[in-house]
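Here is the structure we will look at, set down as structure tokens.
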Amino acid sequence: MKLIKFLAIAFLVPSIFIFTSCLDSQIPEASDEALLTEIEEQINTPTVADAALDNAEAAVKAFTTQKSANANGVQKMVAFYPIVTKLSEGDKFPKVYEINYGDNYYDAKNNLYRGIITYTEYSYKASKYDYTEFYINQDRIEGYKQGDVNQKGVLNLSSDITTTNLETKQSTNRYTERVRTTTDNNKTETDYTDDSYEFTGYSKGTALVKGEVYDYNFGIEKPLQTVTNYKYFVSGNTYLRIGKNEQSMDYGNGEVDNLAVRTINGKERNVVLNWGEKR
């Protein structure tokens, strides 16, 4: 189950708070920068839909661990929601599990889940989550997330998720492809938390800001690099395009610092990064 744990942490670039120091002439139009910043945070911050997959993973792991611990293979514990059911037979791949949340399940952050998530393990190296008539609070979640390891240390990830608000009927979509390559495992092959990584890939879709839907394209032009025990990118470039507005971020050439260069519509400034939870 180690593979799917990477989905939430490796799929998205961390959200970024940026403190800046620059001349007035360097500052882009405030409205343009505010729009780019808001959409950048939406793109890069894990959502409640991502958290639902962590929840589903934990449910499947508990189910499989419990089943293997029972001498006769019969579930001894009374099942409360979410209810996990293995849909496939035997131990051959693909292994398919249904995680049913019913109509009244709340996660640790008090988000209401309703419906089903399906988890398919195609092999020891490839797996996928599908949302099936699944709802979180007032949103319907449709689509999938999947990952596979095509060679040691290289994790391919993709997702295509549409979120529709049941009250406003407005929808947003995000299609993402990422490749995460281990560049240094710090001599601990079974512990990924202290590894150094390289990220490539892109996202495209729509984002909702103050009731308006915007199309965007986000990509990694030069691979993003992280190093052991340091939370900021030390090198790499990203871009974000929304209509006539364009932003790029340059994280440097390997310096272990929290500095970057941000360019919005041709106007460049030095920035200090402060990564954390979405505001």
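Worth pointing out:
- Within region 237-247, the set of residues being surrounded by 11 or more Cβ atoms within 10 Å (Cβ to Cβ) and within 18 Å of Asp215 (Cβ to Cβ) comprises Thr238, Tyr239, Leu240, Arg241, Ile242, Asn245, Glu246, Gln247.
- All conditions but one from (1) polar (S, T, N, Q); (2) closer than 20 Å to Asn44 by Cβ; (3) surrounded by fewer than 18 Cβ atoms within 10 Å (Cβ to Cβ) apply to Thr176; the one that does not is (3).
- Scan of region 180-193 for residues that are on the phi > 0 side of the Ramachandran plot and loosely packed, with under 13 Cβ neighbours inside 10 Å, ordered by number: Lys187
- Residues (more than 18 Å from Lys128 (Cα to Cα) and either touching a residue at least 40 places away in the same chain (Cβ under 8 Å) or of a type in the set (Ser, Thr, Tyr) (or both)) located in region 147-182: Thr163, Thr164, Thr168, Gln170, Ser171, Thr172, Thr181, Thr182
- Residue in region 231-246 that is closer than 23 Å to Ala49 by Cα and of a type outside the set (Val, Ile, Thr) present: yes
- Filter result for Tyr175 (under 14 Å from the mean Cα position of the chain (by Cα), over 24 Å from Leu87 (Cβ atoms), of a type in the set (Ser, Thr, Tyr) and assigned to a strand (DSSP E or B)): yes
- Selection count where residues are surrounded by 13 or more Cβ atoms within 10 Å (Cβ to Cβ) and among the small types (Gly, Ala, Ser), scope region 105-116: 1
- Complete set of residues in region 29-41 that are farther than 18 Å from Glu268 by Cβ and buried (at least 20 other Cβ atoms within 10 Å of the Cβ): Leu35, Ile39
Let's see how each residue does on (1) surrounded by 17 or more Cβ atoms within 10 Å (Cβ to Cβ); (2) at positive phi; (3) at pLDDT 95 or above:
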site	(1), (2), (3)
Asp195	yes, no, no
Glu198	yes, no, yes
Lys210	no, yes, no
Phe218	yes, no, yes
Glu221	no, no, yes
Lys231	no, no, no
Ser235	yes, no, yes
Asn274	no, no, no
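- Verdict on Lys92 being touching a residue at least 40 places away in the same chain (Cβ under 8 Å) and among the charged types (D, E, K, R): no
- The set of residues from region 82-104 being within 12 Å of Ala56 (Cα to Cα) and either crowded, with 16+ Cβ neighbours inside 10 Å or charged (D, E, K, R) (or both) comprises Pro82, Val84, Tyr97, Glu98, Ile99, Asn100, Tyr101.
- Residues (hydrophobic (A, V, I, L, M, F, W, C) and closer than 21 Å to Leu157 by Cβ) located in region 200-226: Ala207, Phe218, Ile220, Leu224
- Scope region 116-155; condition touching a Phe, Trp or Tyr at 6+ places or on another chain (Cβ under 9 Å), among the β-branched types (Val, Ile, Thr) and closer than 23 Å to Val48 by Cα; matching residues: Ile116, Ile117, Thr118, Thr120, Ile136, Ile141
The values are calculated or read from the model by the stated rules, or taken from the named source; none is laboratory data. On a predicted model such as this, the values are computed, not experimentally measured, just so you know. Don't worry about glycine lacking a Cβ; one is built from the backbone with ideal geometry, like all the others, and counts go over all protein chains shown.
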